[in-house]
1. Cβ contacts < 9 Å: first residue without any contact (Cβ under 8 Å) to a residue 40 or more places away in the chain, restricted to the range 166-182; second residue outside any helix (DSSP H, G or I) and surrounded by fewer than 14 Cβ atoms within 10 Å (Cβ to Cβ), any location; separation 6+ or different chain. Result?
2. Output the residues belonging to the range 1-23 that are farther than 14 Å from residue 46 by Cβ and crowded, with 17+ Cβ neighbours inside 10 Å.
3. Check whether at least one residue in the range 264-274 is surrounded by 15 or more Cβ atoms within 10 Å (Cβ to Cβ) and in a loop (DSSP other than H, G, I, E, B), and report yes or no.
4. Quick one: count up the residues across the range 128-157 that are over 19 Å from the mean Cα position of the chain (by Cα) and under 16 Å from residue 188 (Cα atoms).
5. Of the residues 276, 218, 245, which single one is out of contact with any helix residue (DSSP H, G or I) (no Cβ under 9 Å at 6 or more places or on another chain) and either over 23 Å from residue 116 (Cβ atoms) or at pLDDT 95 or above (or both)?
6. Can we say residue 248 is surrounded by 10 or more Cβ atoms within 10 Å (Cβ to Cβ) and either at positive phi or in a loop (DSSP other than H, G, I, E, B) (or both)?
7. Before we move on, is residue 160 under 15 Å from the mean Cα position of the chain (by Cα) and surrounded by 23 or more Cβ atoms within 10 Å (Cβ to Cβ)?
8. Here is a list of conditions, (1) more than 26 Å from residue 48 (Cα to Cα); (2) buried (at least 18 other Cβ atoms within 10 Å of the Cβ), and residue 259 meets all of them except one; can you say which number that is?
C-alpha cells in the first residue's frame, strides 16, 4: 500500500504515521482523510504493531483544512455536487456527502485497538488539533501551537470534537478555546490539560517512542485493546454499573486466558512476560459490547 499524504513506518513494534504535506504545513485534504483511515485499518490488522505515534513532517503538525479552494472550501454542494433533498427542498442529512471528513477520521481512531500517541511538533489548528482528540496521549513540542479556530472561519467545531474536547479539558476550557478561536501556545495547552507534557523539540519523538516502547515491551496486547475501549466507552456511560458489567466480563474472560497465566507466572518467576494472545484472533466473545451507533 502506497501513501501520498502520509508516511507509514514500523520499527520496534511501533507504527509512526507522519502527516506528509510539509509544503502545505500538512494541511488536511480528502486524500489525507482516506489514507489516515486506511492506515488505522492496516495497523489494527497487524499484530506486530503494539503502539502508534502520529506526528507531522517539517515545521507543522497540521495547519488544518486545505483552504486552497478559497471561499468554497467548506461548501459541500459546490465541491462535491448537490446533496440529496427532501420534497420540501430541505437537505437530506442522511446523504453520505453531508458527513464531515474529519469526523470519519476521528471515529476510526476512536475504534482503534492500539494505543495512539500524538507527538505534536508544531502548529496544530482546526482538524489538526481535533483529530488528536481521539488519540490517547498528546505530547507537545515547545514549538507547538493549537487553535480551535472554527468561530473565526464562520463554521463550527468538527471531527466529533464537541464530544471529545469537553471530556478531555472540561466544558469551561473547551468553550473558551472554541468561542475565541484563538491560537495558543503549548504551555497553555498543558495548563488546560489538552496535552500531558511539553518537551524540547529535539526530544519530542524520542519521548513519544520511549512511552510507546514501554507499552510494547511490557503489556498484553489484548488487555491494552480492551482497556482502550473500556476507558473511552465508559466516558458516555450513565452509571458505574455499566463499567462493573464490562469489568466483570473482562475479568472472567481474561482470567481464563493464556496471557493471565503467563502474566502471573512471569511475575512470580521474576522474568519478563511473553504474551501470546493476539488482537486479531483472541479478543473475548463479548467484544464489542456496545451498540454500533457509528456510521459504517
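The values are calculated or read from the model by the stated rules, or taken from the named source; none is laboratory data. Everything numeric here is computed off the predicted structure, so don't read it as measured data. Here Cβ is always computed from backbone atoms with ideal geometry, including for glycine, and neighbour counts include all displayed protein chains.
1. Filtered contacts from the range 166-182: 168/193; 169/193; 170/193; 173/193; 178/156.
2. Scanning the range 1-23 gives 3, 5, 6, 18, 19, 20, 21.
3. Within the range 264-274, one or more residues are surrounded by 15 or more Cβ atoms within 10 Å (Cβ to Cβ) and in a loop (DSSP other than H, G, I, E, B).
4. The qualifying residues number 3.
5. 245
6. No; evaluated as a whole, the condition is false for this residue.
7. Taking the combined requirement at face value, the residue does not satisfy it.
8. With (1) more than 26 Å from residue 48 (Cα to Cα); (2) buried (at least 18 other Cβ atoms within 10 Å of the Cβ) applied to residue 259, the lone miss is (1).
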